[in-house]
Amino acid sequence: MDEEYDVIVLGTGLTECILSGIMSVNGKKVLHMDRNPYYGGESSSITPLEELYKRFSLPDTPPESMGRGRDWNVDLIPKFLMANGGIDQTKACKMLRVFASLIAGQLVKMLLYTEVTRYLDFKVVEGSFVYKGGKIYKVPSTETEALASNLMGMFEKRRFRKFLVFVANFDENDPKTFEGVDPKTTTMRDVYKKFDLGQDVIDFTGHALALYRTDDYLDVPCLETINRIKLYSESLARYGKSPYLYPLYGLGELPQGFARLSAIYGGTYMLNKPVDEIVMEGGKVIGVKSEGEVARCKQLICDPSYIPDRVRKAGQVIRVICILSHPIKNTNDANSCQIIIPQNQVNRNSDIYVCMISYAHNVAAQGKYIAIVSTTVETSEPENEIEPALELLEPIDQKFVAISDLYEPTDDGTESQIFASRSYDATTHFETTCNDIKDIYKRTTGSDFDFENMKRKQNDVFGEDEQ
């Protein structure tokens, strides 16, 4: 450890592991440390089940009805990847995808360009649903589904179908497809007005198709929203049941995949390694001290927990892990699904999310399901805020409630060369995570993020042939 590195990375969350992998591929000498004895940090998957009970300080141990503890891999931060093409579903489910909207597409690109997909197996999430008036409905994203959906009346269905046809035909490079819409100036609110869409349709379009967290998008130019909806529809068309994928054995597999990439390109990993001090000189980081040794570096990337004096609280998120013995009602007995409760449906400022996976993904004992509810905290009684979602899950065998602070860096790291990541938000996709990765990359390298820079430059150490 007592040597010099280009970059030291602290924490093995997904953000840190992706950046570590990219830096290593680009020829940087990287040291990656974590105080924990496992990969993933806040985005890890906990196993066995007994460990989850201990983590949440439950007085009891799991009952025998929960099955074997080692059959469980429970995500602390639930997210899906959006399948936007490029992963062949016939290759033993070598797909990557859990949470992601337009940016989720970007996470998938990261997996594909780095070929981390070779280390992971994925399954398609079986359904995507939206909440309206206390019930859940399948999210319609094609012309056929729009006409068949119970979400809308007959006339609304026809208007929504016309809107979807417009989106499907839209090409930002072909003005003939604009139909009077200027993608750079026309707001999304005006596009909805053009097609005379009602508030309920606007809610599920913006929040369940375009995957926005709030309604701020309504008053900005419509191009990004149209592209998000196109991505959702194209992903669904490619994979069938939903546009989402989830990795077998849990999200904790993702950080490990990128950690392996870094190691292949010379990165050094140290788990269970305490960080005693971040060594500074003249206001700039020069190293990290651990157990009496100092590893020197030019730059430091870390999660907020390693530099509490350089981050600020930006809100809170509540996540409730629920163990069930049944699929969620009105989801066609799906083994996995996402449910979005749009903010306007429950008089809130932000959406509520439900992410459900099960034994079919090797994350739970046979016949068991894991549903994780999450949202941004808005009141002093956060558990009451998620009650509409919990009602959809009844009966619940066991709940694990976590209320976490969200942190963001207080500066851009230019002077100190310390670059902190942001906390994971309440969404069930990786949009803000990918934005954060691209932002940190630009600040550390001085260059815009380019997927081409993520491509492998050599074969795997196991001698795998290039595809």
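The values are calculated or read from the model by the stated rules, or taken from the named source; none is laboratory data. Keep in mind it's a predicted model, so treat the numbers as computed, not measured. All Cβ positions, even for glycine, are placed from backbone atoms using ideal geometry, and neighbour counts span all protein chains on display. Surface areas here come from the heavy atoms of the whole protein model, side chains and all, with no ligands, DNA or RNA. Shrake-Rupley method; radii C 1.70, N 1.55, O 1.52, S 1.80 Å.
Structure data summary
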{"read-out": "Among Ile357, Val201, Pro59 - extreme Cα towards positive end, dipole of the chain, charges at beta-carbon", "value": "Val201"}
{"read-out": "DSSP bridge orientation in the chain - percent antiparallel, rounded to nearest 5", "value": "75 percent"}
{"read-out": "Along each principal axis, Cα extent of the chain, largest first, Å", "value": "71, 59, 49"}
{"read-out": "Charge dipole magnitude, Cβ of K and R +1, D and E -1 - the chain, Cα centre, debye nearest 20", "value": "1080 debye"}
{"read-out": "Added length on full extension, which subtracts the Cα-Cα distance from 0.36 nm per residue, Asp60 to Lys194", "value": "42.5 nm"}
{"read-out": "Gyration tensor over alpha-carbon atoms, segment 349-395, equivalent ellipsoid semi-axes in Å", "value": "25, 11, 8"}
{"read-out": "Qualifying trypsin sites (Lys or Arg not before Pro) in segment 157-229, DSSP loop, other Cβ atoms within 10 Å at most 12", "value": "Lys184"}
{"read-out": "Cα gyration tensor category, rounded, prolate or oblate, for segment 102-169 with a/c compared to 1.5", "value": "prolate"}
{"read-out": "Alpha-carbon Rg/Rh ratio, for segment 171-268, with Rh computed the Kirkwood way", "value": "1.15"}
{"read-out": "Within the accessible area of segment 243-290 (1.4 Å probe), percent carbon and sulfur", "value": "44 percent"}
{"read-out": "Spatially proximal aspartates and glutamates relative to Lys29 (Cα-Cα < 13 Å; intrachain offsets below 8 disregarded)", "value": "Glu3, Glu4, Asp6"}
{"read-out": "Size of charge dipole - segment 302-445 - debye, nearest 20, with Cβ of Lys, Arg +1 and Asp, Glu -1, no other charges", "value": "340 debye"}
{"read-out": "For segment 328-385, accessible area per residue (1.4 Å probe, heavy atoms of protein chains only), Å²", "value": "36 Å²"}
{"read-out": "Karplus (6.51, -1.76, 1.60) ³J(HN,Hα), θ = phi - 60°, over segment 427-441, in Hz, Gly and Pro reported as x", "value": "5, 9, 9, 9, 4, 5, 4, 5, 4, 5, 4, 5, 5, 5, 4"}
{"read-out": "Segment 161-231 - percent of accessible surface contributed by carbon and sulfur, probe 1.4 Å", "value": "46 percent"}
{"read-out": "For Phe129, distant residues with modelled amide H under 5 Å away", "value": "Val139, Gln338, Ile339, Ile340"}
{"read-out": "Karplus 3J(HN,Hα) series, Hz, for segment 171-180 with 6.51 cos²θ - 1.76 cosθ + 1.60 (x for Gly, Pro)", "value": "9, 4, 9, 10, x, 5, 8, 6, 6, x"}
